[in-house]
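Please treat every number below as a calculation from the coordinates, not as lab data. It should be emphasised that the depicted structure is a prediction, and the values quoted were computed from it without experimental measurement. Ideal geometry is used to build each Cβ from the backbone, glycine not excepted, and the neighbour counts take in all protein chains shown.
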Amino acid sequence: MKTCLNMLCDSFPHGYLLAELHSPFMEKNSKHHDAVKYTNATFGWGTKSGKEYLELEPRMTMVSERSYNEEKKK
């Protein structure tokens, strides 16, 4: 993930990255997820917050963050 973020920042002087993230819980339980349960695919990383991306690539800043689950409750 760090390499990917570094390459994006090296390649584009400015822009926005919109990312859909999943939690560490989802990463640990990927075998039950509808999108991958019938494949050999796994989720390799789960984050509690997109702020973890900032630790991987210091040139990035966070504009906003929303939880799908919290938005769904509304």
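Residue-wise test of (1) of a type outside the set (Asp, Glu); (2) within 19 Å of Tyr68 (Cα to Cα); (3) touching a residue at least 60 places away in the same chain (Cβ under 8 Å); (4) not in a loop (DSSP other than H, G, I, E, B).
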residue: Leu5; (1), (2), (3), (4): yes, no, no, yes
residue: Cys9; (1), (2), (3), (4): yes, no, no, yes
residue: His14; (1), (2), (3), (4): yes, no, no, no
residue: Leu18; (1), (2), (3), (4): yes, yes, no, no
residue: His22; (1), (2), (3), (4): yes, yes, no, no
residue: Glu27; (1), (2), (3), (4): no, yes, no, yes
residue: Tyr38; (1), (2), (3), (4): yes, no, no, no
residue: Phe43; (1), (2), (3), (4): yes, yes, no, no
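Filtering the stretch 53-74 down to residues that are without any contact (Cβ under 8 Å) to a residue 24 or more places away in the chain and among the basic types (Lys, Arg), which residue is farthest from Ser23 (Cα to Cα)? Within the stretch 53-74, the match that is farthest from Ser23 (Cα to Cα) is Lys74.
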